[in-house]
Each structure stands twice: as structure tokens, then as C-alpha cells.
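Novice: Before anything else, here's the structure in question.
The values are calculated or read from the model by the stated rules, or taken from the named source; none is laboratory data. Everything numeric in this text was worked out from a predicted model, so none of it was measured. Every residue, glycine among them, receives a Cβ derived from its backbone with ideal geometry; neighbour counts consider all protein chains shown. Protein only, heavy atoms only, side chains kept; ligands, DNA and RNA dropped before computing areas. Shrake-Rupley method; radii C 1.70, N 1.55, O 1.52, S 1.80 Å.
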Amino acid sequence: MEKNSIFSYTIEELQNILLENNFNKFSASQIFDWIYIKLETDFNNMTNLSKELRQFLTENFSINLLKDLVTEESKDGTIKILFMLDDKRTIETVLMPQKYGQSVCVTTQVGCRMACKFCASGLIKTERNLSTDEIVRQIFSMNVYLRKKYGDDLDNPRARVSHIVVMGIGEPFDNFQNVMNFIDIINCAKGFQIGARHITISTCGVVPKIREFADLKTQINLAISLHASNDEVRNQMMPINKAFPIAVLLEAVRYYISVTNRRVTFEYILIDNVNDKPEHANELARLIRGINGYVNLIPYNEVEENEYRKSTRVDEFFKILKKQGINAIVRKEFGSDIDAACGQLRAKREGVIKNEI
Ligand code: SAH
């Protein structure tokens, strides 16, 4: 029988497993420390655990890393790793070195069901949710990579992942429970210790899940892929808008803010002649005025397979928002030379991979 991955369990779940099997539940903290702080991948090396416990873990759980196929490093320091999952599907994870720390963009699904017209991820044919451990193992591997590069001094901020953006391939709120368990594990004080305020989840607007997420009352940042200032334009770009139009989405956003007291980010990719006209900027300002949030303007990354092109009006759009008193920033691009920039992830090497295996 296939063993379950140890990376699937929150500390609470691990404590329960230990209790059920007559071990001390406090050993869960020691196991977390070995795995997530020391990055140990052999239960037998966890020397402060009893021999019986090490044997129990070895017999019942796997502790395998994701297979990394290709690692690319961009001129600006961005690193992209192409991973192969156990069922041979491939995903990509990106690490962006920032002034404030090491930020990783994680993937939550193979492919995506949301079918936003401008996005390359929807072009991936196979679709499935990633399991919790497949998401956790992306961070684990990035930490292994960083430790090799910068040494294992735990006080060196370069040597470990400190920030997470859930903005890779997939819609995180379409894989809600696995993503929440992933966050529990990386946020755990005994684990990677990534603070809630250092984690951002981005959604295209799955309204019931925004509300459910609000009710969890975490300090995690929420980003909304708005991308349009009215339903007519948004309907053309994002099918989800037909199920949850802008007014319904913004109601859920207001609810999230009232429950959590957190500021939200509105992401807005600027696409030539689709959503980038001065009237759109003015309309956007009216739409979100009074909501505790700011706009993150994202230069569009062109995808060969569609008609959408980069806007030439980024500055103009930005200035109108500012003039209207709306907080806005233009997002800096990372890793565009290695296809790691926003919206470019799609594991498009499938052809190459077959030859490498
Ligand atoms: N499904 C989630 C998270 C993944 S996408 C969401 O929709 O928010 C992360 C961000 O990249 C989203 O804002 C998405 O709309 C944007 N994006 C997708 N394709 C892009 C492209 N070609 N250029 C720039 N941004 C893109």
C-alpha cells in the first residue's frame, strides 16, 4: 500500500495520529522541527525520537521531495523550478528575491478550471487539485535550494522562504481545504514559521469561499483579480463573473474587510483597448471608492494563443486613479526572461520532459 506523505499533516493532525498509536503527542513538535527547520528527509536521522517512533514513521509515512526537473535562474535573481508530481504531471514554482525576504509563488492546481480568457494556465489540458503535501513540498524544495545556495545559518534571511503568494497556476479557492491545510502547516510556529501577514491568497472571485475565508478570521492578505470596471468587460474576460458579478463580489469583499479589518488588494491587468481606457480608470475609481483597498496594476504578459495585447496606457491609467484619490501601484515584473513572470506559468515543457524522464 502506498504510504501517506508526512507533508500532508498539520501539527494537530500529527499529534492525533501519535496519540492514537500510543506515542507522546509532543513528539509532533520534534518531528516538525526536524522536517521544517532542519529539512531532514530521513526519519532514521531524527535522533531525539525514540527508536519505536522512528520505526513507526518509516513504516507508515513517506517523506519524499518533489522531483525537480529543471531549475532556471533569471537575470534579476528570480528562480523557477519545474517539478514532476508522482503521477508525472508537471507544475512550476517561482521564487522572487525581494528586499524584505524570499517570496515564493505557489501553484495550487494542475491546470485551472476558471478559463479566464487572458490567462495561460487555462490552456493546460489536464486538471486536478494539488494535495496539501504537493503544495507544502514546493516550499520545502525552495528551502532546500536556498540552503544549498546560502548555507544553513538559520539567522540568514536569504537562506529561507519568508513570504508566500498563492498566485501560481490554479484557483486556490477551488481547492479550498487543501490550501487552508497548506497554510496551517507553513504558518505553524514549529514549522516554516511563515507569518499570516506574509501570506497572500489571490482569487478570481469565488464568492462563497471569500466569505468562508473571512469567517476563518486570519491575518492572511487577500487579493482579488478584478481586472475590469464593469460587468460587460469582465464577463468577456472572466467566466466566473457570470456566476458572481462585480456587485456580488464587492459585497463579499466588504464582508471580508468588516470581519477581518484587513485591507484588500485589487489586481488589475492592463490589456490594450479592453480595460485600459481613461473611462475605465474613472469607472474603477467610482467602483471601489470607500473600500479599504488598493489597486495593483499589472502590465499584461502576452500569451501567444490569444488576441490580448499589452496596454500602452499604464502610466495614464495609474495617474487617473491617483488623481481620483485611489491608492495604486504598478507591479514590478520578475523573471520575464525565464517565463516566470505573472501569468506565464504553464509548465509548457511537456514535450521536453518526456525526453528527460
Ligand atoms: N486564480 C487566482 C490566482 C492565480 S493567477 C486568481 O485568479 O487570482 C495570479 C494573477 O495573475 C491573477 O491576478 C491573474 O489574473 C493574473 N494573470 C493571469 N494571466 C496573466 C497574464 N498573462 N499577464 C499578467 N497577469 C496575469
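Novice: At 0.36 nm per residue, minus the direct Cα-Cα distance, what do ASP33 and ALA189 gain on full extension? Give it in nm, one decimal, please.
Specialist: Length difference between fully extended and current span is 55.2 nm.
Novice: Next up: Report, in debye and to the nearest 20, how large the dipole of the chain comes out about its Cα centre when Lys and Arg carry +1 and Asp and Glu carry -1 on their Cβ.
Specialist: Once rounded to the nearest 20, the dipole reads 860 debye.
Novice: Ok, one more. Once you put a point 7 Å from the Cα of ASN22 and another 7 Å from the Cα of ASN64, both along the Cβ direction, what distance in nm separates them?
Specialist: Between ASN22 and ASN64, the label points sit 3.1 nm apart.
Novice: Show that you can apply the helix-only estimate: for the chain, add -39,500 (n - 2.57) for every DSSP H stretch of four or more residues, divide by all residues, and state [θ] at 222 nm to the nearest 500.
Specialist: Roughly -10000 deg cm²/dmol at 222 nm, from the helical runs in the chain.
Novice: Let me ask something else. Starting from the Cα of VAL248, move 7 Å in the Cα-to-Cβ direction to define the label point; list residues of region 169-192 whose amide nitrogen is under 13 Å from there.
Specialist: Label zone hits: none.
Novice: Calculate the dipole size of region 4-62 relative to its Cα centre from +1 charges on Lys and Arg beta carbons and -1 charges on Asp and Glu beta carbons; express the result in debye to the nearest 20.
Specialist: Charge dipole, region 4-62, about its Cα centre: 140 debye, nearest 20.
Novice: Give me the percent of the accessible area of region 4-62 that comes from carbon and sulfur atoms, probe 1.4 Å, all protein chains in place.
Specialist: Values: 1270 of 2990 Å².
That fraction is 42 percent.
Novice: Trypsin sites (Lys or Arg not before Pro) within region 213-279: which are DSSP loop residues with at most 14 other Cβ atoms inside 10 Å?
Specialist: Working: sites: LYS217, ARG234, LYS242, ARG254, ARG262, ARG263; in loops: LYS217, ARG262, ARG263.
Passing sites in region 213-279 are LYS217, ARG263.
Novice: Taking a ≥ b ≥ c as the square roots of the Cα gyration tensor eigenvalues, with a/c under 1.5 meaning rounded and otherwise prolate when a/b beats b/c, else oblate, which class fits region 216-357? Don't jump to the answer; show the numbers that get you there.
Specialist: Details: a/c = 1.83, a/b = 1.42, b/c = 1.29.
Note, shape of region 216-357 comes out prolate.
Novice: Measure off 7 Å from each Cα along the Cα-to-Cβ vector at LEU154 and ASP215, then give the distance between these two points in nanometres to one decimal.
Specialist: 3.8
Novice: Here is a follow-up. Work out which chymotrypsin sites (Phe, Trp or Tyr not before Pro) in the chain are exposed loop sites (DSSP not H, G, I, E or B, at most 10 other Cβ within 10 Å) and give the longest gap free of them. Spell out each step's value before the answer.
Specialist: Details: sites that count: PHE26, TYR100.
Between the exposed loop sites, the longest stretch runs 101-357.
Novice: Shape call for region 4-62 from the C-alpha gyration tensor, a ≥ b ≥ c root eigenvalues: rounded (a/c under 1.5), prolate (a/b greater than b/c) or oblate?
Specialist: rounded
Novice: Would you please classify the overall shape of the chain from the alpha carbon gyration tensor, given that a ≥ b ≥ c denote the square roots of the eigenvalues, rounded means a/c under 1.5, and beyond that prolate means a/b larger than b/c while oblate covers the rest?
Specialist: Prolate.
Novice: Determine the share of region 67-349's accessible area contributed by carbon and sulfur atoms, expressed in whole percent, with a 1.4 angstrom probe.
Specialist: 48
Novice: Nearest 10 degrees is fine. How inclined is helix 246-260 to the longest principal axis of the chain, computing both from alpha carbons?
Specialist: 50
Novice: Which angle from 0 to 90°, rounded to the nearest 10, does the C-alpha axis of helix 314-323 make with the longest principal axis of the chain?
Specialist: 80
Novice: Might you tell me the accessible area per residue for the chain, computed with a 1.4 Å probe and given in Å²?
Specialist: Values: 16280 Å² over 357 residues.
Value for the chain: 46 Å² per residue.
Novice: Any chance you could give the angle, 0 to 90 degrees and rounded to 10, that helix 278-288 forms with the longest Cα principal axis of the chain?
Specialist: 60
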